[in-house]
Amino acid sequence: MSTPVDFLLWVRGPGFDIALVVFIIGILIRLLEVLILGRKPDYAEPRGGELGAGLRTLLTRTLPEPGTFKRSPFTVVGGYIWHIGFFISLFLFVPHIELIDATIGLSWPGIASNLVDAVAAVTLVTLVAMLFSRLTHPVKRLLSGPEDYLSWLVTFLPVMTGYLAYHRMIDPYPLVLGLHILSVEILMVVFPFTKLMHAFTFIIARWYNGAMAGRRGVQS
Amino acid sequence: MSEATLERGLKAFREQMNAPIASFFSSCVNCGMCAEACLFYTETGDPKYTPINKLEPFRRIWEQEYTLWGRVKSWLGLSQPVDDELLEAWEPLVYDGCTLCGRCSMVCPVGNDISYMIRCAREGFVAAGYAPDGMKNASRRAVTIGSPMGVKFPALAAQIKHVEADTGLTIPVDVEGVDYMALLSSMEIMNFPEYMAALARIFKQVGITWTLCSEAFEATNSGIQIGSSDIAKELVNRIVVAAERLKVKYVISPECGHAYTAIRWEGPNLIGRPYNFKVVHILELLEELRSSGRLKTEGYEDARLTFHDPCQIVRKGGVLEQPRHLLNMVASDFVEMNDHREMNWCCGGGGGVSAIERAEALRLKVFKRKKSQLEELNVDTLVTACANCRLIIEEGLEEYRMEIPVVGLTEMIAEHLVGDEKNE
Amino acid sequence: MAETGKGMGKTLAQSLRESGVSRRGFLKFCTATASMMALPPSMAPAIAQALGKAKRPSVIWLSFQECTGCTESLTRSHSPTVENLIFDYISLDYHHTLQVAAGEGAEAAREAAMRENKGQYIVVVDGSIPLGNPGYSAIAGISNLQMLEETVAGAAAVVAVGTCAAFGGLPHAKPNPTGAVSVSEIVKDKPVVNVSGCPPIPTVITGVLAHFLTFGSLPELDALGRPMAFFGKSIHDRCYRRPFYDKGLYAETFDDEGARKGWCLYRLGCKGPMAYNACATAKWNRGTSWPVESGHGCLGCSEPDFWDAGGFYNALSIPDSDITRQAVYVAGAGVALGAVAGAVNRSKQARAREEHEPVTIDDLDKRP
C-alpha cells in the first residue's frame, strides 16, 4: 500500500539515512580536497601575523564594506534577510530543534511558531526577489549558470514546503510533511556538489584572505 | 626555440592550484558584488569586467581537475573545455581589464582574494601565449636590456650627472658595505629624476650611507605584471645578487607600486629562500626617520592636497599610516579622498595595464573614477607614492583637462628638509 | 440480538419508540448526526424523516485478526445512548463475539442473512486478514480471506471498522508475520468505508450507519476511504492546545510546568498534526475527555502504519533512523574518501610542478 504515510515513513527513515550519509561524506570530501592542496611556504618576512588577521576577517566580512553596500544595497540587504530568515526557520523552530537534538544531541530554546512562520514568509518573498535579481541584473545574469539556479531551487523548496506544511496547505499532512522532509534531503544531497558548499568553505576562504593580507600588515 | 602552447598554459593553471584558490572557487556564489568594487565595471557598466568572471578559464580547470564532482561531470561530457578560443577571449579581461588593484578582494562577502587569483591565472595565460604584446615586449626588454622601458645604465649615469649638478651632492654607485641600496623605476629615471635628487638630499641630512647599483638599479618587474614567475624570478634575482654582493643591510623599494610587491612580497618566494637583507619601502624608511626624530622638516605646503593610495603599496603592501604621518609633517591642508587607504580606487594603469597600448582608451575611461574622487575634494595638488600612478594620473588629468599637479611624496618631503642647501 | 429476519418490517422510528426513546430525543440525535456529518442543521428534519421511514438493515459483522477493542468501543458505553439504540436497531445477523449461537448454527445464521438480504446487507469488518497462511486465522474452518470474499460478494457496502480492518493495524506492523492486509486490499468491487482508529470513536461508526440509513448511500470519503465528515480535519487543527503550539509553548516532560499548564505536547511525541480523526470534538466516554486533554500526546491511531511511525514519545519531526548511531563510521568513511580525493589533487599539483618548463622571453609567443 503506497500511502502518504508510507511516503512520510520513507523520507523519515531510509531517505534521511541516504541524505545524511551523502551530506556528511560529501562535505568531508569537499573540505579535504581543498585543504590537502595546502600552500607553499612564504619566505617573505611578515609584517603581521596570519592567525589573528584571518580570524578577524572571518568576522568582519560578515558586514559589507560601506562603499560596496551603497552600490549594491539590494544584494546586501536581500542576502542578509534571506540568510538570517533561513537560519531562524532552520534553527529556532521547535520541531527542527527536536530533530537536531535527536540527531546530534544538541538542544536550545526555540521561538514562537507563528514568529517562525512570519520569518519564513519574508524569507520566501526575499528568495523570489533574489531570483528575480539574478535573472535581471546584468552582472548576476552573466555569471549565473544552471548550478546557480539549481542551488536557488534546492534552497527555496525546503522553505516553501515548510511553509505549506505549517499551514497545512496540502492534504493530507503526512504528504506535505513528507515533501518538506524530501526537499531538505534533496538539499542535503545536492549540497556537497554545488556552490552551496560556500556555507562551509567561506570560513577557509575568509581566513586565507585575512591571513594573506594580515601578513602584509593590512586588515582585509 | 620553444614556444607557448595551450598545454603549457593548462599545466601552469594546474601548478598554481592551492588550498586558498580552491577554497575561493568553492565559496563563490556569483553574487556579483565584486563588480561594484572594480573600476572597470563601475566605469564601463560592462558585466564582463566583473572580477570573478575574469577567472572563468582558471575556474574550469579547478572544477574539472580538482573537484570530485567536476571530474564526474567531465567524464559525463558535461564540462566546457579550456581551449585556445577561451583563453584568447579572456586575455583582454585578465590583462587590459584588471590592474590587480585588489579592491575586489576587500569586498567579497565570502572572502575570495580575487586579485590574487588573477595574478595566478596570468601564469596560465602567459604560458599559453595569451599575453598582450605590450607586456611581452616590456618583459623582453626587462630581461635583455635590464629595464622594461629599455633604460640602460649609461642613461642612468647621464641622469645622475644632471642630479649631481643640480644638487651638488654625490650619488653613490656600486659602493660596497653601505647600509642601503636604493632601487629606481625606469619612469623615475626618465620622467621623475626629482626622486633621485630627493633621496640624495634626505640621506645626506639624516646621515644614511647608501648606494645605487649599476647592475641592478631597476626596481620594476615585468615578470610580475605579465604573470610569469620564471621571468619575475630572473629579474628579482639580479637585485638579490647585487644586494648580497654589495653586502647592504637594506634594499629600498622606490615610489613604484608593483616593484614593492615584486621585491618585498613575491621575491623571496620566487627565489625560494629568505633574503640576507631587508626590503623597505622608501615611505617606510622616511617614516622611521621621522618618528625617531632624525628627519627634520620645516614649513608647510599651503596648497589643499590629497593623497592617492597606490594599490600595491597601501592595500596590497601594508604601507598605510606612513604616508599620512609624512604628509601631516609638511602639509597644512591635507584632506582624504572619500574612499581612501586600503579602499582607495586604482588609477587604472597598474598591474601592467599601462604597458598595453591597445588598452589606452579603456584606461582613460576608467580614470573617470579617480577624476570624480578628485572633483569631490576640490584640491590644488595630488600627492602619491608611485611613479606609474603618477604618470597615469597625469595622462588622465590631461585627457579630462584638469589642472592638478601630481607630486611624489618623497620629493615633497625633500623640499621641506631643514638645513638643506636648496632651502638655505 | 435480533434473530434473522425478525423485525425487518418495523421502521427505525417504531423501534426507537418501543425502546422508550422520545420523539424529542430522536430529533436531538438527528441534529447531532447532521452536525457530525458536517451537514447544515436544516438537514435534521430530513434526516429524522428518512430515519423514521428507514427499514432495519441486515448487518453481518466479521471479526478477523483483531482484539475486540472495536466492539468494546461500541458496546461498553456507560449508559444507553441513541448510538447504542441505532446499533441495537440494526439487524445484526452475525457477530461471533456477541451472538449466542455458535459453530454451525452461527454460520448458518450468516448464510441465511446473506441469502435473504442479497445485495442489500452491510458487512462490517474488524481486524486484518492474514494472507501468509490461511491457518493463521480461521472461523469454523473457514479462512478469514475466504469468509470475507464469500460474505462481501452479495453485500451492498463494506465498513472496515478499526485501523486493523482499515489499514492492517497492529498485525500489519513490521515485520507483519501473518502477511496481514486491510479489507480494501481484498475488496475491490464494493464500496469500502474505512472507520479507522484504535479503536474508532463509537459515534463515527453509528454516524456512518446513520448516513447509510438516511441517504441510502455512503458518505463522502477522503483519500484513505474515511468519511470526510469525521476525518476531514486533523487532531492538530481541532486541538484546544493548538494556541500553545503557535506561541511556541511546549511541555517537555509529563510532569513539568508546561504539562501542568496544559501546553502543547508536540515535543512529547504527539502525532496530532498527522492524525485525522474527530477525537477533539467527539471525545470519548460520552464526551468526558480525549487523550490530549488527559495529558498524553495523540498516537495517531487512525493513520496507516501508526505502529511503525516512530516512537510514540518521539516528536513527529524526528527521523525514524538509527544512522546517527553510525555517524562515527560515516564520518570515518568521509575522512578516508576525502583523504583519497585530497591525495589525488595533491599528486596532480605535484606532477604539474615537476613537469614545469620555465617560461622565458623566447617563448612568450605561439608559433604561428
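Return a yes/no flag: does the range B:162-177 have any residue that is of a type in the set (S, T, N, Q) and outside the structural domain of B:Ala219 (by TED's automatic domain parsing).
No, the range B:162-177 contains no residue that is of a type in the set (S, T, N, Q) and outside the structural domain of B:Ala219 (by TED's automatic domain parsing).
For the range B:168-218, what are the residues that are among the hydroxyl-bearing types (Ser, Thr, Tyr) and farther than 28 Å from B:Glu394 by Cα?
If we filter the range B:168-218 for residues that are among the hydroxyl-bearing types (Ser, Thr, Tyr), which is where we start, we get B:170, B:180, B:185-186, B:195, B:209, B:211, B:214.
B:Thr170, B:Tyr180, B:Thr209, B:Thr211, B:Ser214 - these are the residues of the range B:168-218 that are among the hydroxyl-bearing types (Ser, Thr, Tyr) and farther than 28 Å from B:Glu394 by Cα.
Which ones in the range A:1-17 are without any contact (Cβ under 8 Å) to a residue 24 or more places away in the chain and charged (D, E, K, R)?
Scanning the range A:1-17 gives A:Asp6, A:Asp17.
Looking at (1) without any contact (Cβ under 8 Å) to a residue 24 or more places away in the chain; (2) within 11 Å of chain A (Cβ to nearest Cβ); (3) not aliphatic (A, V, I, L, M), which one does B:Glu36 not meet, given that it meets all the others?
(1)
Do we have any residue at all in the range C:277-291 that's surrounded by fewer than 15 Cβ atoms within 10 Å (Cβ to Cβ), modelled with pLDDT of 90 or more and either assigned to a loop (DSSP other than H, G, I, E, B) or over 18 Å from the mean Cα position of the chain (by Cα) (or both)? Walk me through how you get there before you give the answer.
Let us first name the residues in the range C:277-291 that are surrounded by fewer than 15 Cβ atoms within 10 Å (Cβ to Cβ), namely C:285-289.
Filter again for modelled with pLDDT of 90 or more, leaving C:289.
Filter once more, so that each one left must be either assigned to a loop (DSSP other than H, G, I, E, B) or over 18 Å from the mean Cα position of the chain (by Cα) (or both): C:289.
Within the range C:277-291, one or more residues are surrounded by fewer than 15 Cβ atoms within 10 Å (Cβ to Cβ), modelled with pLDDT of 90 or more and either assigned to a loop (DSSP other than H, G, I, E, B) or over 18 Å from the mean Cα position of the chain (by Cα) (or both).
For the range B:81-98, state whether one or more residues are touching a Ser or Thr at 6+ places or on another chain (Cβ under 8 Å) and either at pLDDT below 95 or surrounded by fewer than 24 Cβ atoms within 10 Å (Cβ to Cβ) (or both).
Here is the first cut: in the range B:81-98, the residues touching a Ser or Thr at 6+ places or on another chain (Cβ under 8 Å) are B:98.
Still in the running and either at pLDDT below 95 or surrounded by fewer than 24 Cβ atoms within 10 Å (Cβ to Cβ) (or both): none.
No.
Evaluate the following for C:Thr324: is it assigned by TED's automatic domain parsing to the domain that holds C:Arg260 and farther than 30 Å from C:Pro202 by Cα? Spell out the reasoning first.
Values: assigned by TED's automatic domain parsing to the domain that holds C:Arg260: yes; farther than 30 Å from C:Pro202 by Cα: yes.
Against the criterion (assigned by TED's automatic domain parsing to the domain that holds C:Arg260 and farther than 30 Å from C:Pro202 by Cα), C:Thr324 qualifies.
Restricted to the range B:315-359, and to residues that are within 14 Å of chain A (Cβ to nearest Cβ) and of a type in the set (Gly, Ala, Ser), which residue is nearest to B:Glu399 (Cα to Cα)?
Here the answer is B:Gly317.
Somewhere in the range B:352-371, is a residue out of contact with any Phe, Trp or Tyr (no Cβ under 6 Å at 6 or more places or on another chain), closer than 30 Å to B:Ile231 by Cα and part of a strand (DSSP E or B)?
No.
Determine which member of the set A:Phe74, A:Phe16, A:Phe69 is at the interface with another protein chain (Cβ under 7 Å from one of its Cβ atoms) and in a helix (DSSP H, G or I). Don't jump to the end; show me each part of the working.
Numbers: A:Phe74 fails: at the interface with another protein chain (Cβ under 7 Å from one of its Cβ atoms); A:Phe69 fails: at the interface with another protein chain (Cβ under 7 Å from one of its Cβ atoms).
After applying the criteria, what remains is A:Phe16.
Name the single residue that is nearest to C:Gly295 (Cα to Cα) among those in the range C:244-258 being surrounded by fewer than 18 Cβ atoms within 10 Å (Cβ to Cβ) and within 27 Å of the chain's Cα centre (by Cα).
C:Phe254
In the range C:166-181, which residues are in contact with a Cys (Cβ under 8 Å, 6 or more places away or on another chain) and crowded, with 23+ Cβ neighbours inside 10 Å?
Pass one, the range C:166-181, residues in contact with a Cys (Cβ under 8 Å, 6 or more places away or on another chain): C:169-172, C:180.
Residues satisfying the conditions are C:Gly169, C:Pro171, C:His172, C:Ala180.
Of all residues in the range C:292-310 being facing chain A (nearest Cβ under 10 Å) and part of a loop (DSSP other than H, G, I, E, B), which is surrounded by the fewest Cβ atoms within 10 Å (Cβ to Cβ)? Lay out the reasoning, then the answer.
Of the residues in the range C:292-310, the ones facing chain A (nearest Cβ under 10 Å) are C:300, C:303-306, C:308-310.
Keeping just the survivors that are part of a loop (DSSP other than H, G, I, E, B) gives C:300, C:303-305, C:309-310.
Working: C:Gly300: 29, C:Glu303: 32, C:Pro304: 26, C:Asp305: 21, C:Ala309: 24, C:Gly310: 23.
Looking at residues that are facing chain A (nearest Cβ under 10 Å) and part of a loop (DSSP other than H, G, I, E, B), I get C:Asp305.
When only residues in the range C:157-186 that are in a loop (DSSP other than H, G, I, E, B), without any contact (Cβ under 8 Å) to a residue 60 or more places away in the chain and more than 14 Å from every other protein chain (Cβ to nearest Cβ) count, which is nearest to A:Val5 (Cα to Cα)? Quick ask: steps written out before the conclusion?
So in the range C:157-186, the residues in a loop (DSSP other than H, G, I, E, B) come out as C:168, C:173-179, C:182, C:186.
Then drop every residue that is not without any contact (Cβ under 8 Å) to a residue 60 or more places away in the chain, which leaves C:175-177, C:179, C:182, C:186.
Filter once more, so that each one left must be more than 14 Å from every other protein chain (Cβ to nearest Cβ): C:175, C:177.
Numbers: C:Pro175: 17, C:Pro177: 21 Å.
Within the range C:157-186, the match that is nearest to A:Val5 (Cα to Cα) is C:Pro175.
Counting only residues that are of a type in the set (A, V, I, L, M, F, W, C) and within 14 Å of chain C (Cβ to nearest Cβ), give me the helices (runs of 4 or more DSSP H) lying completely in the range A:93-162 with at least 3 of them. It would help to see each step written out before you state the result.
Values: elements: A:94-104, A:113-136, A:138-143.
Result: A:94-104, A:113-136.
Here are A:Arg215, A:Arg206: which of them is surrounded by fewer than 24 Cβ atoms within 10 Å (Cβ to Cβ) and facing another protein chain (nearest Cβ under 9 Å)?
On the way: A:Arg206 fails: surrounded by fewer than 24 Cβ atoms within 10 Å (Cβ to Cβ).
It is A:Arg215.
Look through B:Glu336, B:Glu411, B:Glu399, B:Glu395 and report the one residue that is of a type outside the set (Ser, Thr, Tyr), modelled with pLDDT under 95 and surrounded by fewer than 23 Cβ atoms within 10 Å (Cβ to Cβ).
Working: B:Glu336 fails: modelled with pLDDT under 95; B:Glu399 fails: modelled with pLDDT under 95; B:Glu395 fails: modelled with pLDDT under 95.
So the residue among B:Glu336, B:Glu411, B:Glu399, B:Glu395 that is of a type outside the set (Ser, Thr, Tyr), modelled with pLDDT under 95 and surrounded by fewer than 23 Cβ atoms within 10 Å (Cβ to Cβ) is B:Glu411.
Only one residue in B:Leu87, B:Leu55 is assigned to a helix (DSSP H, G or I), farther than 23 Å from A:Ala213 by Cα, within 13 Å of another protein chain (Cβ to nearest Cβ) and touching a residue at least 60 places away in the same chain (Cβ under 8 Å), so which one is that?
Numbers: B:Leu55 fails: farther than 23 Å from A:Ala213 by Cα.
Matching residue, one of B:Leu87, B:Leu55: B:Leu87.
Taking C:Lys55 as the residue in question, decide whether it is among the basic types (Lys, Arg) and either in contact with a Ser or Thr (Cβ under 7 Å, 6 or more places away or on another chain) or modelled with pLDDT under 75 (or both). Outline the logic, then answer.
Details: among the basic types (Lys, Arg): yes; either in contact with a Ser or Thr (Cβ under 7 Å, 6 or more places away or on another chain) or modelled with pLDDT under 75 (or both): yes.
Yes: the conditions hold for C:Lys55.
Would you be able to tell me the number of residues in the range B:90-126 that are outside any helix (DSSP H, G or I) and over 30 Å from A:Pro66 (Cβ atoms)? Break it down stepwise before answering.
Of all residues in the range B:90-126, those outside any helix (DSSP H, G or I) come to B:97-102, B:108-113.
Checking which are over 30 Å from A:Pro66 (Cβ atoms) leaves us with none.
Adding up the residues that qualify gives 0.
Exactly one condition in (1) in contact (Cβ under 8 Å) with a residue 40 or more places away in the chain; (2) closer than 23 Å to B:Glu65 by Cβ; (3) not charged (D, E, K, R) is false for A:Leu20; which is it?
It is condition (2) that A:Leu20 fails.
Would you mind stating whether B:Tyr41 is touching a helix residue (DSSP H, G or I) at 6+ places or on another chain (Cβ under 7 Å), under 19 Å from C:Arg353 (Cβ atoms) and hydroxyl-bearing (Ser, Thr, Tyr)? If you could, list the steps in order and put the result at the bottom.
Working: touching a helix residue (DSSP H, G or I) at 6+ places or on another chain (Cβ under 7 Å): yes; under 19 Å from C:Arg353 (Cβ atoms): no; hydroxyl-bearing (Ser, Thr, Tyr): yes.
Taking the combined requirement at face value, the residue does not satisfy it.
Quick one: which residue in B:Arg315, B:Arg294, B:Arg341, B:Arg290 is within 24 Å of B:Asn378 (Cβ to Cβ) and of a type in the set (D, E, K, R)? Let's see the steps before the verdict.
On the way: B:Arg315 fails: within 24 Å of B:Asn378 (Cβ to Cβ); B:Arg294 fails: within 24 Å of B:Asn378 (Cβ to Cβ); B:Arg290 fails: within 24 Å of B:Asn378 (Cβ to Cβ).
Just one listed residue meets the conditions, B:Arg341.
Quick one: which of C:Ser317, C:Ser321 is within 7 Å of chain A (Cβ to nearest Cβ), over 30 Å from B:Thr67 (Cα atoms) and either touching a Leu at 6+ places or on another chain (Cβ under 6 Å) or assigned to a helix (DSSP H, G or I) (or both)?
Values: C:Ser321 fails: either touching a Leu at 6+ places or on another chain (Cβ under 6 Å) or assigned to a helix (DSSP H, G or I) (or both).
The conditions single out C:Ser317.
With respect to A:Arg56, is the statement that it is more than 10 Å from chain B (Cβ to nearest Cβ) and charged (D, E, K, R) true? Even if it seems obvious, please write down each step before you answer.
Values: more than 10 Å from chain B (Cβ to nearest Cβ): yes; charged (D, E, K, R): yes.
Spelling it out, A:Arg56 is indeed more than 10 Å from chain B (Cβ to nearest Cβ) and charged (D, E, K, R).
Return the total of residues in the range C:349-368 being small (Gly, Ala, Ser) and at the interface with chain B (Cβ under 7 Å from one of its Cβ atoms).
Selection size over the range C:349-368: 1.
The values are calculated or read from the model by the stated rules, or taken from the named source; none is laboratory data. Because the structure is predicted, anything quoted here is derived from the model rather than measured. Every residue, glycine among them, receives a Cβ derived from its backbone with ideal geometry; neighbour counts consider all protein chains shown.
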